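Colleague: To start, I am sharing the structure in question, which I have written as structure tokens.
What follows draws every value from the coordinates through simple rules; no lab data is involved. Computed from a predicted structure; not experimentally measured. Backbone-built Cβ (ideal geometry, glycine too); neighbour counts: all protein chains shown.
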Amino acid sequence: MTHTWNLTHRVAVVTGATSGIGAATARSLTAGGASVALLGRREGRLKKLADELRSSATGTVLPVAVDLTDAAAVTRAATAVTGTLGTVDLVVANAGVMLGAPFERAEADEWDRMIDVNLRGLLHTSRAFTDGLLAAAARGGPADLVHIGSVGGHLLFPDWSVYCATKAAVAHLTRNLRAELGPRGVRVKNIEPGVTTTELGADMRDAETRESLSRMRTGLTPLTATDIAEAIAFAVSAPPNVNVAEMVVVPVRQG
């Protein structure tokens, strides 16, 4: 059973909304009364999710297909979202890829993809909506920039070195943006999931690491995408003067 958080009148953007944590977050925010823009690459999935959410939404649901690694495309998407929904006051930069392999045999194009999506895509997203977040904060309302990191940003996971490096970058970027934007009223936060069952990692090439991930997820009771979505909704529903700045969410047995 999930909790319905009061997000009436909020205007939200969720990236990576085609599956997993992104789709679950869109459901939680919509259930709370927010208008939500769904951003991702797979247009068919976005439209299907939008149709599902519209059946019970009190706000507007807008699917926007976009490649987040293309800065100009993200800017155009932000213009389209703002033109339809108004000023965005809640951004969940969730899109990411997780491609593991032992360092000595990992393929450089998989490194590039993680850097492009996990870091550059997150930067493009945050930058495209920062003016709106600052405007929302200046009006006295809540304004949230949520980055989805990982416990891999500060724990050690053999065979996941480059993925963990991208998430460490997200963690420190978030801290610095909190220092930069917080004094102007924007709550910048990093939600860091532990072992979670999603599609993440299904497309990695290294078979041994893919099997290791599967064993990790079956060796304990993992989190679900909805668990993380609920954590996000809780964090952005806090009183306006409260910032849940860093939240680590792990299965109990992960420790």
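Colleague: Seen from all sides and averaged, what is the projected area of the convex hull of the Cα atoms in segment 125-204, in nm²?
Modeller: Working: hull surface 24.6 nm².
Spelled out: convex hull of the Cα atoms, projected over all directions, averaged, 6.2 nm².
Colleague: Can you list, largest first and rounded to whole Å, the semi-axes you get for segment 1-120 by taking the square root of 5 times each eigenvalue of its Cα gyration tensor?
Modeller: Taking √(5λ) for each Cα gyration eigenvalue gives 28, 16, 12 Å.
Colleague: On C-alpha positions alone, give me the angle between the axis of helix 225-236 and the longest principal axis of the chain, in degrees, nearest 10.
Modeller: The angle comes out at about 40 degrees.
Colleague: With springs only between Cα atoms under 10 Å apart, run a GNM on the chain and tell me which of 122, 145, 200 wobbles the most.
Modeller: Among 122, 145, 200, the largest GNM mean-square fluctuation belongs to 200.
Colleague: Next question. Normalised by the residues of the chain, what does the relative contact order come to in percent, with Cα pairs under 8 Å and at least six apart? Don't skip to the end; give the middle numbers.
Modeller: Values: 513 pairs, mean separation 49.9, N = 255.
This gives 20 percent for the chain.
Colleague: Then there is this: Got a sec to turn the phi values of segment 70-82 into Karplus ³J(HN,Hα) couplings, 6.51 cos²θ - 1.76 cosθ + 1.60 with θ = phi - 60°, whole Hz, x for Gly and Pro?
Modeller: Each residue of segment 70-82 in turn: 9, 4, 5, 5, 5, 4, 5, 5, 4, 5, 5, 5, 5 Hz.
Colleague: Another question, if that's okay. To the nearest 0.05, how large is the calculated FRET efficiency for residue 155 and residue 241 if R₀ is 25 Å and r is the Cβ-Cβ distance?
Modeller: Given R0 = 25 Å and the Cβ-Cβ separation, E is 0.20.
Colleague: Which ³J(HN,Hα) values, rounded to whole Hz and listed in residue order, are derived for segment 200-211 from phi using the Karplus coefficients 6.51, -1.76 and 1.60 in 6.51 cos²θ - 1.76 cosθ + 1.60 with θ = phi - 60°, glycine and proline given as x?
Modeller: 4, x, 5, 9, 5, 7, 6, 5, 5, 5, 4, 5
Colleague: Shifting gears a bit: Out of all Cα-Cα pairs in the chain, roughly what percent, to the nearest whole number, are more than 25 Å apart?
Modeller: 39 percent
Colleague: Where nothing but the Cβ of Lys and Arg (+1) and of Asp and Glu (-1) is charged, how large is the charge dipole of the chain around its Cα centre, in debye to the nearest 20?
Modeller: On the way: 25 positive and 25 negative charges, 140 e Å.
The dipole magnitude comes to about 680 debye.
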